[in-house]
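Working notes for the structure below.
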Amino acid sequence: MNTWLVWAVLSAVFAALTAVFAKVGIKGVDSDFATLIRTAIVLVVLWVFVAYSGKLQNPFALPAKTWVFLTFSALATGASWVCYFRALQSGNASQVAPVDKLSVVLVAVFAVLFLGERPSFREWVGIALVGAGIVIMSLRSFTPRPP
């Protein structure tokens, strides 16, 4: 099995646990404040992990381009987390998390437009199936329910 696939599957498992734990953790707490607490914990844990693994380095030695794009990535992550927690506060985790995975489709489109990547036909079929699944799951949100 490819190393990237192992890490990607682990990412999916932890992302799923994130949704479940967050849904329980935000009960009675403002979602923005909950996001702040979560972010602070992530910062501490990653700092310890990187230091322990001997990978800490001088961040000011990084190229300006790296700083610019890591800053954009951090801003996008922060915005995503705020939106995600707000969605979890008012919706079911089983609905919010799949719609959040629309990012899978958007990453493919953005990778083609901005990174010059060229997914194969088989990969496009998989991406389209993810998109179709998201649409099917979302339709339930727009179907009128009897009183």
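The figures follow:
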item	result
Cβ-based net charge around Ala108, under 13 Å, with every Lys or Arg adding one and every Asp or Glu removing one	+1
Top of Ala51, Ala128, Ala76 by mean-square fluctuation, Gaussian network on the chain, Cα under 10 Å	Ala51
Structure-derived mean projected area of the Cα convex hull in nm²: which label, when the choices are (i) 8.8; (ii) 11.2; (iii) 12.3	(iii)
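Throughout, read-outs are computed from the coordinates displayed, never taken from laboratory work. Note that the structure is a prediction, hence the values are computed from the model and not measured. Virtual Cβ from ideal backbone geometry, glycine too; neighbours counted across all protein chains shown.
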